[in-house]
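So the structure is just underneath, and the comments pick up after that.
The values are calculated or read from the model by the stated rules, or taken from the named source; none is laboratory data. Being a predicted model, the structure only gives us computed values, none of them experimental. We place every Cβ from the backbone using ideal geometry, glycine too, and count neighbours over all the protein chains shown. Please note that ligands, DNA and RNA were not included when accessible areas were found on the heavy atoms of the full protein model with its side chains. Shrake-Rupley method; radii C 1.70, N 1.55, O 1.52, S 1.80 Å.
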Amino acid sequence: MHDIKEIRRDPDAYARRLGRRGDAAILEPVLDLDRRRRELIARADGLRHEKAKAEQGMRTVDKKSSEFAAFRDQMRSVSAEIKTLEDERDDIDRRLDDILLTLPNVPDDEAPDGKSEHDNVVARVWGEKPTFDFPPKEHWEIGERLGILDFERAAKLSGARFVAYKKAGARLERALMAFMLDTHTGRNGYTEILPPFLVNAASMQGTGQFPKFRADAFEAKEDDLVLVPTAEVPLVNLHRDEILPAEALPIRYTAYTPCFRREAGGYGRDTRGLIRMHQFQKVELVQFTTPETSRAAHEALTRHAEGILQALGLHYRVVDLCAGDMGFGSNRTYDLEVWLPGQDRYREISSCSNCGDFQARRAAIRYRDPETGKPRLVHTLNGSGLAIGRTVVAILENYQQSDGTVRVPEALRPYMGGLETISA
């Protein structure tokens, strides 16, 4: 969410910065509402002064006198007008919030210019593409032949875009979850959280999913709760409406959750396999920092996610997203794209974002500045560390063998009971 004072200070510059996302931002309705709101506040303040004078006059005259009645009538008239002004101001506040809540974050000045994924910049590459002496297969074919992925029976249970993991497939998901959490807590300094998987609408609004992306959410409307689309939502909102002590920062959280998304805009894409599911599992990384340290924290968080791919021996690249391709709440994003030989392409496996104070303003998350003693908005950062289902995809496609089996990466073998090869 944006600070109306910053917009008011230089609306043209603010519109240009938002316009880097590809569409010119029209801020005139915001400015008109803000202007009227300030007029109402000024008028109401003047009327309160008149009301105070009338109340003072009532105390100085006889209660049975005509002067008292005149002061009383004046006070009642002024009070009614103040109430009318306050009601209009409250309505404007709601309308202003409705608009501000739908405006995306302002891109960082260092984010590349561009309008689509074609303008993204490859920042670095790790490892090399594996080579095969046979045509590599796609993960769903491998998984179905090994009997570890069952899409047909999952569809019987729940419909399309669901899967049932079986045998070594189920254990592989569990192993990846444990390996990722152990790495982030033991090596990278994150505190593990097991949050609720259902959250309220205020939590969804705090991180930017509501109201803009409500169509993508699975809602339990009778209970006013929502299935989490990512652990980012409960992790960030753990500190909603709080003022944190400065010495507590940075705060680093990691969590495993299933994630639930309607993929409202994704139909017709990735209809086979594990890439685009209604339910998938993920280990998430979230940080709370001061404004001065968030850029360095963003680089560190990205490296933490990269470390998982490196430990698994998976070739990937880091892509610096252009302003027009970044997510709604981000001001700078690095995507980690893992190589999938069966698909002969890179696919996103983690998106690591610095949100600046965008989420913190929505969720009222602050810290007390040690120098001034005044509250300041924190900066929030998040990233997948990693998406587990897509990591399964990468392992199946990169570690497949000519006989249809799949080697287990060495780092995972202790979590797989020493299993070295997944076979039928």
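Criterion first (over 37 Å from the mean Cα position of the chain (by Cα), charged (D, E, K, R) and modelled with pLDDT of 90 or more) does D45 satisfy it? Judged against the criteria, D45 is a match. In summary, D62 fulfils each of the numbered conditions (1) open to solvent by 40 Å² or more (accessible area, probe 1.4 Å); (2) within 30 Å of E117 (Cα to Cα); (3) outside any helix (DSSP H, G or I) with the single exception of condition (2). Selection within the stretch 203-220: residues that are among the aliphatic types (A, V, I, L, M) and free of Cβ contacts under 8 Å to residues at least 40 places away in the same chain. The member of this set that is surrounded by the fewest Cβ atoms within 10 Å (Cβ to Cβ) is A220. Applying the criterion of being in a helix (DSSP H, G or I) and within 17 Å of the chain's Cα centre (by Cα) to the residues of the stretch 300-323, the residue that is farthest from S384 (Cα to Cα) is A323. A search for C-beta distances below 6 Å between a residue of the stretch 249-263 that is of a type in the set (K, R) and any residue that is open to solvent by less than 20 Å² (accessible area, probe 1.4 Å), counting only pairs 6+ apart in sequence or on different chains, returns R252/Y190; R252/Q287; R261/P229.
Pairs meeting the criteria (first residue in the stretch 50-78 and at pLDDT below 90, second residue surrounded by 13 or more Cβ atoms within 10 Å (Cβ to Cβ) and among the small types (G, A, S), beta carbons under 6 Å, at least 6 apart or on different chains) are F71/A54; F71/G57; M75/A54. If I filter the stretch 257-276 for residues that are in a strand (DSSP E or B), touching a helix residue (DSSP H, G or I) at 6+ places or on another chain (Cβ under 9 Å) and not β-branched (V, I, T), do I get at least one hit? For the stretch 257-276, residues in a strand (DSSP E or B), touching a helix residue (DSSP H, G or I) at 6+ places or on another chain (Cβ under 9 Å) and not β-branched (V, I, T): absent. Of all residues in the stretch 327-334, one or more are closer than 21 Å to M1 by Cβ, open to solvent by less than 10 Å² (accessible area, probe 1.4 Å), small (G, A, S) and out of contact with any Leu (no Cβ under 6 Å at 6 or more places or on another chain).
Among the residues of the stretch 27-42, those that are within 31 Å of the chain's Cα centre (by Cα) and among the hydrophobic types (A, V, I, L, M, F, W, C) comprise L27, V30, L31, L33. Within this structure, A13 fails the test of being touching a Phe, Trp or Tyr at 6+ places or on another chain (Cβ under 8 Å), among the aliphatic types (A, V, I, L, M) and either farther than 30 Å from A69 by Cβ or open to solvent by less than 30 Å² (accessible area, probe 1.4 Å) (or both). Give me the residue from the stretch 296-311 that is of a type outside the set (A, V, I, L, M) and free of Cβ contacts under 8 Å to residues at least 60 places away in the same chain and, out of that set, surrounded by the fewest Cβ atoms within 10 Å (Cβ to Cβ). Filtering the stretch 296-311 for residues that are of a type outside the set (A, V, I, L, M) and free of Cβ contacts under 8 Å to residues at least 60 places away in the same chain, the one surrounded by the fewest Cβ atoms within 10 Å (Cβ to Cβ) comes out as E299. Looking across the stretch 324-353, the residues that are more than 19 Å from I388 (Cα to Cα) and within 21 Å of the chain's Cα centre (by Cα) come down to G324, D325, M326, G327, F328, G329, S330, N331, R332, T333. The set of residues from the stretch 1-13 being in a helix (DSSP H, G or I) and either without any contact (Cβ under 8 Å) to a residue 12 or more places away in the chain or over 25 Å from D90 (Cα atoms) (or both) comprises K5, E6, R9, D12, A13.
Of all residue pairs spaced 6 or more apart or on separate chains, those with beta-carbon atoms under 7 Å, a first member in the stretch 174-185 that is touching a residue at least 24 places away in the same chain (Cβ under 8 Å) and under 17 Å from R303 (Cβ atoms) and a second member that is open to solvent by 10 Å² or more (accessible area, probe 1.4 Å) and among the acidic types (D, E) are T185/E192.
Just name the residue that is most open to solvent (accessible area, probe 1.4 Å) out of those in the stretch 129-147 that are free of Cβ contacts under 8 Å to residues at least 60 places away in the same chain and part of a loop (DSSP other than H, G, I, E, B). Applying the filter and picking the extreme gives T131. Scanning the stretch 221-265 for residues that are open to solvent by less than 50 Å² (accessible area, probe 1.4 Å), in contact with a Lys or Arg (Cβ under 8 Å, 6 or more places away or on another chain), under 19 Å from G356 (Cα atoms) and β-branched (V, I, T) yields a single hit, T230. Taken together, the residues in the stretch 153-193 that are surrounded by fewer than 16 Cβ atoms within 10 Å (Cβ to Cβ) and either on the phi > 0 side of the Ramachandran plot or in a loop (DSSP other than H, G, I, E, B) (or both) amount to 6.
Tell me which of these A80 doesn't satisfy, since it passes every other one: (1) farther than 30 Å from D10 by Cβ; (2) open to solvent by 80 Å² or more (accessible area, probe 1.4 Å); (3) not β-branched (V, I, T). For A80, the exception is condition (2). Check the stretch 85-102 and report whether any residue there is in contact (Cβ under 8 Å) with a residue 24 or more places away in the chain, open to solvent by less than 20 Å² (accessible area, probe 1.4 Å) and not in a helix (DSSP H, G or I). So far as the stretch 85-102 goes, yes, one or more of its residues are in contact (Cβ under 8 Å) with a residue 24 or more places away in the chain, open to solvent by less than 20 Å² (accessible area, probe 1.4 Å) and not in a helix (DSSP H, G or I). Beta carbons closer than 8 Å, at least 6 apart along the sequence or on distinct chains, pair a first residue in the stretch 270-282 that is over 10 Å from F162 (Cα atoms) with a second that is of a type in the set (S, T, Y) and open to solvent by 40 Å² or more (accessible area, probe 1.4 Å) for Q281/Y256; K282/Y256.
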